[in-house]
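Data first, discussion second: the structure below is written as structure tokens.
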Amino acid sequence: MEGIRIGDVTHFYNKLSVAVLALTDSIKIGDTVHIFGRTTDLRQVVNSLQIEHQAVDQAGPDQEVALKVNRRVRKGDKVYRLVEPE
């Protein structure tokens, strides 16, 4: 699978296991994302997205979105949307 960079992690809420992403491209429920950094390497399917505490199905560039994650991520980690090569 190939990855398209869609943003960066700007904050992580440890107790909730939620990452805040600053988006440069779109993301939607069902996408597979790869969050990668110096000590982070996480791949998961997007199951939950929120903007301002409201559930959404998708978000686009220049938005900040909260993403429920399976493991700890860190501020500055890069976020990629995985796509099948054509």
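Read-outs throughout are calculated quantities, based only on the coordinates presented, and are distinct from any laboratory measurement. A quick note: this is a predicted structure, and the numbers were derived from the prediction, not measured. For neighbour counting, all protein chains shown are included, and Cβ atoms are generated from backbone atoms with ideal geometry for every residue, glycine included.
Reported count of residues in segment 40-57, each being more than 15 Å from R71 (Cβ to Cβ) and not polar (S, T, N, Q), is 7. Whether any residue in segment 3-23 is acidic (D, E) and assigned to a strand (DSSP E or B) is what I want to check. Yes: one or more hits. Remark: pairs (first residue in segment 72-86, in contact (Cβ under 8 Å) with a residue 12 or more places away in the chain and at positive phi; second residue surrounded by 14 or more Cβ atoms within 10 Å (Cβ to Cβ) and not in a loop (DSSP other than H, G, I, E, B); Cβ separation under 8 Å; 6+ apart in sequence or on different chains) = G76/D8; G76/V9. The lone criterion from (1) over 12 Å from the mean Cα position of the chain (by Cα); (2) surrounded by fewer than 14 Cβ atoms within 10 Å (Cβ to Cβ); (3) closer than 17 Å to F12 by Cα left unmet by G37 is number (2).
Residues that are in a strand (DSSP E or B) and over 10 Å from the mean Cα position of the chain (by Cα) were ranked within segment 65-86; the one that is surrounded by the most Cβ atoms within 10 Å (Cβ to Cβ) is L82. Here H53 meets each of (1) at negative phi; (2) surrounded by fewer than 16 Cβ atoms within 10 Å (Cβ to Cβ); (3) not hydroxyl-bearing (S, T, Y) with one exception, condition (1). Under the condition of being closer than 14 Å to K68 by Cα and small (G, A, S), the residues counted in segment 4-39 number 3.
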